[in-house]
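J.: Below is a structure I'd like to ask you about.
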Amino acid sequence: MTMVWVVYDIVEDAVRNRVARACLDKGLYRVQKSVFLGNLNANVRDSLGLECEALIDPDVDSVYIFPMDTASFKQVKLLGQAFDKRLVSDEVLTKFF
């Protein structure tokens, strides 16, 4: 399993909602409106990438899937209002930070 960040900028609401649902269905946690975080194995990560690719319009939308090793993740710095408290549970903050 590898820590994965998914970050997107999607124009249409319906497509954005489908990508968000795909992230949640894969077990990722929402940390901001267009940012998800969680642990995925390579097959699930690749599957999510293919699913997102099929959903988005590559001319106007973007989805980034960033794998991150544990050592690098521990060096992440959070500044200011790092998370939307309405979207992130204490469980997520405890699990990852």
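J.: If you add up the charges near ARG18, with Lys and Arg at +1 and Asp and Glu at -1, over every other residue whose beta carbon is less than 11 angstrom from its beta carbon, what do you get?
T.: Residues near ARG18 contribute -2 overall.
J.: So between GLN32 and VAL7, what do we pick up on full extension, going 0.36 nm a residue minus the alpha carbon distance?
T.: Here the segment from GLN32 to VAL7 would lengthen by 8.1 nm.
J.: Further, regarding this structure: Taking a point 7 angstrom from the Cα of ASN43 along the C-beta vector, which residues in the stretch 1-33 have backbone N less than 18 Å away?
T.: In the stretch 1-33, the label zone of ASN43 (backbone N under 18 Å from the point 7 Å along Cα→Cβ) covers 1-3, 25-28.
J.: Going by amide H atoms built from the backbone, whose H comes under 5 Å of the H on THR2, apart from near neighbours?
T.: Long-range HN contacts for THR2: LEU40, ASN41.
Every number in this text was worked out from the coordinates using simple rules, so none of it is lab data. Worth saying up front: this structure is predicted, and the values here are computed from it rather than measured. When we count neighbours, we look across all protein chains shown, and the Cβ atoms used for this are built from the backbone with ideal geometry, even at glycine.
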